[in-house]
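Chemist: Got a structure here, written out as C-alpha cells. Questions coming.
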Amino acid sequence: MSTTTQPSTGTAGGGSGDDHHEIIHSSKRFGERLFTQLTKGSGIGILVILAAVATFLVGLSIPALTADVKDLPYGNFWSYVAPFAFGTVWAAALAMVMAVPVSLGIALFISHYAPKRMAQTLGYIIDLLAAVPSVVFGLWGINTLAPAVRPLFLWLNENLGWIPLFSGAVSGTGRTVLTAAIVLAVMVLPIITAITREVFLQTPRLHEEASLALGATKWEMIRQAVIPFGMPGIISASMLGLGRALGETMAVAMVLSPDDVINFRVLTSQNPNTIASNIALSFPEAYGLGVNQLIATGLVLFIITLAVNMTARWVIARRSEFSGAN
Amino acid sequence: MSTAVTTPQEASANSLIAGQLPKYTPWATLLVSLGIAAGLLNSVGHFSITAVALSGIALFLVGMFALSSAVEGIRKAKDRLARQMVSLFFLVALIPLISLIAGVAVRGSERLDGKFFSYSMRNIVGEGGGAIHAVYGTLIITGIATLVSVPIGMLSAIFLVEYGRNGRLARSITFFVDVMTGIPSIVAGLFAYTVFSILFGPGTKTGLAGAAALSVLMIPTVVRSTEEMLRLVSNDLRESAYALGVPKWRTVLKVVLPTSIAGIITGMILAIARVIGETAPLLVTAGLTSSLNTNPINGPMTTLPVFVYYSYVTPGIPQEPYYARAWAGALTLILIVMGLNLIGRLVAWRFAPKSR
C-alpha cells in the first residue's frame, strides 16, 4: 500500500490528506483494499495493453526486415515504405497548411467576433463535422469534392503552372493528393477549432481590457493578448490535428488514386499513397511475408505519429512556463 | 467604385463621424465588387457562380482594405480585414458541412426503407437487399468494445485522480494514455489482427477481434473524459465525506461518481460515437460477410462503415443498387453518430450538477 498512500501526503489536498491517510491505515478494510487494487489493476492493464501493442507490432515487423529480399512479396522493405512515408507526411502537411489558419479563424470568430449568445450554437455546428465518420467523408470526397475542384485545378495549372507544385498534366478525375488533403483538412478542422476555441475563451479578461484601454483595435488586442496566451494551446491543437491527419485511413484510401512515387506535384494522377491507406487497400490480399511487411509499415506510421505527439508535448511543456497561464 | 469617391466626402461633412465609414459601406462594397466580378467574367466568357463568388470576395477584401485605410487609417483597415477574414473562414467551413449532409441525405434517402433494415445481403445480386447484418455487426462489436473499455477506462481514471496522486505509476499511466490517444486506428486494427492470428491461427477474422481493436481506440478517450470530470468535483465534497468517517472507496462510489456522472456518461457516449464510425481497423480484423452473423467469436462480421466501403468500392453489376445501399448506409451512420452526440449533450445539459 505504501506506493499509493505515500504520495498522497505531499499533494495539494493539504491537511486533510494527512487525516485520511491515517484513516486508511487504521482501518484496513476489505472494501477499501479491493477497490484500490481494482483501480490500480486497470491502470496497469492499460500499460499492459500498450506494451502488447508495441511487442506484437515489433515482433511481427522483424521478419519483414530480416528476411531475404527474394522472399518478400513487395521487395526491399525500405524502398517499399519510402513513397508511402513520404505520401503520409506530404498529404498531412498540405492538409495542415489549409486547416490551421482556417481553424484559428473559426475559433477566433466563435470566441471573439460572433455574438455571445450564438457562440455556443456555432461551436456545435462546427463540432458536427467531427461527428461525420471517415468513410462518409470518403464518399463525399469522390462524389462531390473531386468533380467540384477539378475546374479549380485546371485554372491553377493554366495560370500557376510555372510553380513546380502545380505543374504536370491535371488528373482527369480530380482524385489527387490535393483533393485528399482538402478532405483531411476538413476532418481535422473541428479538432483544432474545438481546442483553440476553448483556449481563446480562457484569455484573462484583464489582459484583453488592458489592451483595449490603451487604444488597441480588436485585431491588435487579439494579437497582443489572445494569441500569445493561446500559443501553447494552438500548437498542441495543431499537433493533435496533425496526428489525426497522419493516421487517417479511409478518406484517403477512397479519394486518392494511388501510385508508388515520390512526387511533389499535387494536381497530377501520379500521387504518393499514404501508409495507412496502403495498408487498408493491400491488407485483404496480402499473404505470407507481405502481411509482415504491411505490419512493419504500420509500425513506421506509429513511430511517425508518436514523434509528432511527443514533439507537441515537449513544445507545450517548454512554452507553458512562459505563457500567460501562470 | 463610386463609393470610394463619395463616402469620404459624406463623412467629412459631419465632424462627429469624420474618419469613419458609414455602417452600410461593407455591404455596399460587397455588392459592388460582386457586380464588377460578374461583369468582368461575363465579358471574358468564364461566367460561373463559383468564379464570381471567389473573385468578388477577393475584390471585396482588397477594395474594403483600400477604402478603409484611405478613410480610417491603416490600423482600422487591418482590424476590418481581420474581422472579414475570420467571418469568411467560418462561412468557408460551413460549405463542406452543408454539401456533405445535403448530399448524403438526398442520395441516402433513396434506399433508407424498411427493406434496408430487415434484409441482409445473403444471396442478393443487384436490386433489393439491406444492411441488417451490418447493423447487428455494428451494435455487437461496438457493444463489446464499450463493455471492455468503459470499466477499464473509468477505473483507471479513478486511480489517476483519487489514488495515483502524481506517483510514478500514475505519471507513467498518464503518459502512456497520451501515447495511446495517438495510435492511428489502422495500427490498432493491425494489433488486434496479429493477436488473434497468433491465438486462433493466421487470418482469423471475427467480431471479437474488431471489438478488441476498437477497445484500444476507446480506452484512452474514456480515461481522458472521466479524468477531466472527476477533477471537476470539488475537494470540499470529498473532505466532508471523510469528516463523517466515510472510507475513501465509499466516498468515491457514493459522492464523487454521482456528482460527476452526467459528464462521465457524456464522455462515454462521445467515445462510442467516435468508434462506431471506424472503418479501417474493422476492415483488417472483422472481415466481410454478406450474411447475418451474431456470433462474435466465430466467423467474420460486417459493420456499417465496412458495408458502406465495400458496397461503394467493389459494386456488383448493375452498380446503381450497390451505390444506393452505400449511401443509405452512410446516412444511417451519420444519423446514429449525430444522434449519439445529441444524446450526449442532452445528458450533460440536463443532469449537470447544479453547483452554483
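Chemist: Counting only residues that are β-branched (Val, Ile, Thr), without any contact (Cβ under 8 Å) to a residue 60 or more places away in the chain and in a helix (DSSP H, G or I), which one in segment B:235-265 is nearest to B:Ala134 (Cα to Cα)?
Modeler: Here the residue is B:Val255.
Chemist: Within segment B:177-194, can one find any residue that is surrounded by fewer than 19 Cβ atoms within 10 Å (Cβ to Cβ), touching a helix residue (DSSP H, G or I) at 6+ places or on another chain (Cβ under 6 Å) and assigned to a helix (DSSP H, G or I)?
Modeler: Scanning segment B:177-194 turns up at least one residue that is surrounded by fewer than 19 Cβ atoms within 10 Å (Cβ to Cβ), touching a helix residue (DSSP H, G or I) at 6+ places or on another chain (Cβ under 6 Å) and assigned to a helix (DSSP H, G or I).
Chemist: Here is a follow-up. For segment B:111-163: of the residues being of a type in the set (D, E, K, R) and part of a helix (DSSP H, G or I), which is farthest from the other protein chains (Cβ to nearest Cβ)? Outline the logic, then answer.
Modeler: Taking segment B:111-163 as the starting set, the residues that turn out to be of a type in the set (D, E, K, R) are B:111, B:113, B:115, B:122, B:127, B:162.
Now drop any that are not part of a helix (DSSP H, G or I), which leaves B:115, B:162.
On the way: B:Lys115: 21, B:Glu162: 7 Å.
Out of the qualifying residues, it is B:Lys115.
Chemist: Here are B:Arg122, B:Arg80: which of them is among the basic types (Lys, Arg), assigned by TED's automatic domain parsing to the domain that holds B:Thr285 and touching a residue at least 40 places away in the same chain (Cβ under 8 Å)? Give the derivation first.
Modeler: Details: B:Arg80 fails: assigned by TED's automatic domain parsing to the domain that holds B:Thr285.
Of the residues listed, the single one that is among the basic types (Lys, Arg), assigned by TED's automatic domain parsing to the domain that holds B:Thr285 and touching a residue at least 40 places away in the same chain (Cβ under 8 Å) is B:Arg122.
Chemist: Counting only residues that are surrounded by fewer than 24 Cβ atoms within 10 Å (Cβ to Cβ), give me the helices (runs of 4 or more DSSP H) lying completely in segment B:266-356 with at least 1 of them. Spell out how you get there, then give the answer.
Modeler: Values: elements: B:280-285, B:304-313, B:320-350.
Where helices (runs of 4 or more DSSP H) fall fully within segment B:266-356 and carry at least 1 residues being surrounded by fewer than 24 Cβ atoms within 10 Å (Cβ to Cβ), they are B:304-313, B:320-350.
Chemist: When you check B:Arg122 against the structure, is it charged (D, E, K, R) and surrounded by 13 or more Cβ atoms within 10 Å (Cβ to Cβ), yes or no?
Modeler: It is false that B:Arg122 is charged (D, E, K, R) and surrounded by 13 or more Cβ atoms within 10 Å (Cβ to Cβ).
Chemist: Further, regarding this structure: Working carefully through the options A:Asp127, A:Asp68, find the one that is under 20 Å from the mean Cα position of the chain (by Cα), modelled with pLDDT under 90 and surrounded by fewer than 19 Cβ atoms within 10 Å (Cβ to Cβ).
Modeler: A:Asp127
Chemist: Is it the case that segment A:185-194 has a residue that's more than 23 Å from A:Leu122 (Cα to Cα), in the same structural domain as A:Gln120 (by TED's automatic domain parsing) and surrounded by 21 or more Cβ atoms within 10 Å (Cβ to Cβ)?
Modeler: No, segment A:185-194 has no match at all.
Chemist: Let me ask something else. Considering only residues that are surrounded by 19 or more Cβ atoms within 10 Å (Cβ to Cβ), at pLDDT below 90 and polar (S, T, N, Q), which ones fall in segment A:197-216?
Modeler: Passing the criteria: only A:Thr203.
Chemist: For the subset of segment A:265-295 comprising residues that are more than 10 Å from every other protein chain (Cβ to nearest Cβ) and assigned to a helix (DSSP H, G or I), which member is farthest from A:Val58 (Cα to Cα)?
Modeler: Residue satisfying both the conditions and the ranking: A:Glu285.
Chemist: When you check A:Phe86 against the structure, is it touching a strand residue (DSSP E or B) at 6+ places or on another chain (Cβ under 8 Å), farther than 30 Å from A:Val226 by Cβ and not charged (D, E, K, R), yes or no?
Modeler: yes
Chemist: Taking segment A:95-139, which residues are at the interface with chain B (Cβ under 7 Å from one of its Cβ atoms) and among the polar types (S, T, N, Q)?
Modeler: A:Ser134 - this is the single residue of segment A:95-139 that is at the interface with chain B (Cβ under 7 Å from one of its Cβ atoms) and among the polar types (S, T, N, Q).
Chemist: What helices (runs of 4 or more DSSP H) completely inside segment A:217-264 contain at least 1 residues that are assigned by TED's automatic domain parsing to the domain that holds A:Leu145 and among the small types (Gly, Ala, Ser)?
Modeler: A:227-247, A:250-255
Chemist: I'd like to check something: does segment B:227-241 contain any residue that is out of contact with any Leu (no Cβ under 6 Å at 6 or more places or on another chain), within 11 Å of chain A (Cβ to nearest Cβ) and crowded, with 20+ Cβ neighbours inside 10 Å?
Modeler: Filtering segment B:227-241 for residues out of contact with any Leu (no Cβ under 6 Å at 6 or more places or on another chain) gives B:228-241.
So of that shortlist, the ones also within 11 Å of chain A (Cβ to nearest Cβ) come out as B:235-236, B:238-241.
Keeping just the survivors that are crowded, with 20+ Cβ neighbours inside 10 Å gives B:238.
Yes.
Chemist: Could you give every pair whose Cβ atoms fall below 6 Å, whose first residue belongs to segment B:94-107 and is within 26 Å of A:Ala107 (Cβ to Cβ) and without any contact (Cβ under 8 Å) to a residue 12 or more places away in the chain, and whose second residue is among the aromatic types (Phe, Trp, Tyr) and part of a helix (DSSP H, G or I), counting only separations of at least 6 or pairs across chains?
Modeler: Final answer for the pair search is B:Leu100/A:Trp140.
Chemist: Which of (1) at pLDDT below 85; (2) on the phi < 0 side of the Ramachandran plot; (3) within 10 Å of chain A (Cβ to nearest Cβ) is the odd one out, the single condition B:Val284 does not satisfy?
Modeler: (1)
The values are calculated or read from the model by the stated rules, or taken from the named source; none is laboratory data. Quick caveat: nothing in here was measured; it's all calculated off a predicted structure. No Cβ is skipped: glycine too gets one built from the backbone with ideal geometry, and neighbour counts run over all protein chains shown.
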